[in-house]
Amino acid sequence: MSSSTFGIVGLGRMGGNLARLAVRRGLGVVGYAQGPGPRIGAGFRRARSLAELCRRLPRPRRILLYVPAGPVVDELLGDLAALLARGDVIADGGNSYWGDSIRREAALARHGIDFIDVGTSGGVEGATSGACFMAGGRARGVRQFAPILKRLAVPGGYVHAGGPGTGHFVKLVHNGIEFGMLQAIGEGVALLASHPSRLSIGDVLACWRHGSVIRSWLLDLLEAQYRRQGGLGVPPIVDDTGEVNWLVDDAMRLEVPVPVIAQSVMQLIASRDRHGDAARAIAMMRHGFGGHPFGRDARVERERRTGRVGGFVAPARGRAS
């Protein structure tokens, strides 16, 4: 096994596509997932258990998790802690709450195992062709994992944000900004759809994508979905896994005003009880960048209710090393 070999636990849309990207970029991957999992390709080895995955990895072992946020992460970390040794590194690439990541890092440190929290952006497309990674953790663990993350990132799409919890905190702030942008674009589309004359909305979106101040990947995704759906023909219900709810709570505790982000969360919740074109547009963009479902989804609702395990953690001043 090469020193560039690492493990991935969870081979869904993000983990599976990042495994494919890794082998295309010359990295060795040992993967584990419950069930058969997707076909990855040459350079990938599938483990039938966590114990087998750990046995197949060179030391120090580096394992990247892509599982839903919540108690399953704690269960998985407990299982891995019994199989790993001092100096091994676990990275959580999911959307865990940053306070939970601080607690998990401290618990694994008692075993001599490094834990880093890795916010991941770019959606399924990023997992397929190059993602954006925001890593948090102590320097030793980050140094071990950084070469792999940089190989999987787009150029410039990697940062060591700071000490434990900062990777997931930065990603949480990112998601709040994303919500505000989605809401503004969605409201703009609702205004276009309400004009007394019928507008060519698809052509307007295409124009905005080229040279306008608001040009963005979100507009690219919206135009593509608008044309694919033949208009705003999707359910006006926007379901989510609840991360930005945590951010609004954190902002209140930190006494930082975030009115746009907070209002975007309120509008998202309101979409579940009313009909509107803004919600349809937001649903289309979210489907485009993350494969998020149209309409209600039981799995997403379950993650929204269980993803955050612990409470607010007052951030320590300064950067851990």
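The values are calculated or read from the model by the stated rules, or taken from the named source; none is laboratory data. If you're wondering where the values come from, they're calculated on a predicted model, not measured in any experiment. Every residue, glycine as well, gets a Cβ built from its backbone with ideal geometry; the counts of neighbours run over all protein chains shown. Accessible surface areas use protein heavy atoms only, side chains included; no ligands, DNA or RNA. Shrake-Rupley method; radii C 1.70, N 1.55, O 1.52, S 1.80 Å.
For the chain, what does the relative contact order come out to in percent, with C-alpha contacts under 8 Å and a separation of six or more?
Relative contact order comes out at 17 percent.
Residues whose amide H falls under 5 Å from that of Tyr158, counting only those 5 or more places apart or on a different chain, are Phe133, with hydrogens built in the peptide plane.
Annotation: amide H of Gly163 within the under-5 Å range of Gly137, Ala320, sequence separation 5 or more or interchain, hydrogens built in the peptide plane. Roughly how far apart, in whole Å, are the Cα centres of region 1-59 and region 217-247? Distance between centres, Cα-based: 31 Å.
Per the Debye calculation on the chain with a single equal scatterer at every Cα and no solvent contribution, log₁₀ I(q)/I(0) for q = 0.06, 0.11 Å⁻¹ amounts to -0.22, -0.71. Against the main long axis of the alpha-carbon atoms of the chain, helix 217-229 sits at an angle near 60°. When the trypsin sites (Lys or Arg not before Pro) in region 119-200 are filtered for DSSP coil states and for at most 16 other beta-carbon atoms within 10 Å of their beta-carbon, the remaining sites are Arg198.
Converting phi to 3J(HN,Hα) with the Karplus coefficients 6.51, -1.76 and 1.60 and the offset θ = phi - 60°, region 110-122 yields 5, 9, x, 9, 7, 10, 10, 9, 10, x, 10, 10, x Hz in sequence order, with x at every glycine or proline.
Let me check I've understood the local charge: for Met134, count other residues with C-beta under 11 angstrom from its C-beta, Lys and Arg +1, Asp and Glu -1. What total comes out? Walk me through the numbers before you get to the answer.
Numbers: positive: Lys171; negative: Asp117.
Computed value for this residue: 0.
Would you mind counting up the charge near Arg227? Only other residues with Cβ under 13 Å from its Cβ, with Lys and Arg at +1 and Asp and Glu at -1. Spell out each step's value before the answer.
Values: positive: Arg209, Arg228; negative: Asp203, Asp220, Glu223.
In short, -1.
Averaging the sequence gap over all C-alpha pairs within less than 8 Å and six or more residues apart, then dividing by the number of residues, gives region 140-259 a relative contact order of 21 percent. Across region 184-195, computed HN-Hα scalar couplings (Karplus, 6.51 cos²θ - 1.76 cosθ + 1.60, θ = phi - 60°) run 4, 5, x, 5, x, 5, 4, 5, 4, 5, 9, 4 Hz from first to last residue, x flagging Gly and Pro. When the solvent-accessible area of region 147-303 is split by element, carbon and sulfur atoms take up 59 percent of it, the probe being 1.4 Å. Axis angle, to the nearest 10 degrees, between helix 13-24 and the longest C-alpha principal axis of the chain: 60 degrees. Set the Förster distance to 25 Å, then compute FRET efficiency between Arg296 and Arg13 from the Cβ-Cβ distance, nearest 0.05. With R0 = 25 Å, the Cβ-Cβ based efficiency is 0.85.
Other residues lying with their Cβ under 14 Å from the Cβ of Ala146 contribute a combined charge of +4, Lys and Arg counting +1, Asp and Glu -1.
Return the loop-located trypsin sites (Lys or Arg not before Pro) in region 12-116 (DSSP other than H, G, I, E, B) with at most 16 other Cβ atoms within 10 Å of their own Cβ; answer none if there are none. Before the final figure, lay out each step's value.
Values: sites: Arg13, Arg20, Arg24, Arg25, Arg39, Arg45, Arg46, Arg48, Arg55, Arg56, Arg61, Arg62, Arg86, Arg103, Arg104, Arg110; in loops: Arg25, Arg39, Arg48, Arg61, Arg86, Arg110.
Sites meeting the loop and neighbour criteria: Arg25, Arg39, Arg48, Arg86, Arg110.
Per residue, what accessible area does the chain have, given a 1.4 Å probe and all protein chains present, in Å²? Don't jump to the answer; show the numbers that get you there.
On the way: 14660 Å² over 321 residues.
In whole numbers, the chain has 46 Å² accessible per residue.
In percent, rounded to a whole number, the relative contact order of region 68-160 is 24, using alpha-carbon pairs under 8 Å and six or more apart. Annotation: the antiparallel percentage among DSSP beta bridges lying fully within the chain is about 15.
Between Arg151 and Ala107, what FRET efficiency follows from the Cβ-Cβ distance if R0 is 41 Å, with the result rounded to 0.05? Here the calculated transfer efficiency is 0.90. Measuring with a 1.4 angstrom probe and ignoring ligands and nucleic acids, Met252 comes out at about 140 Å² accessible.
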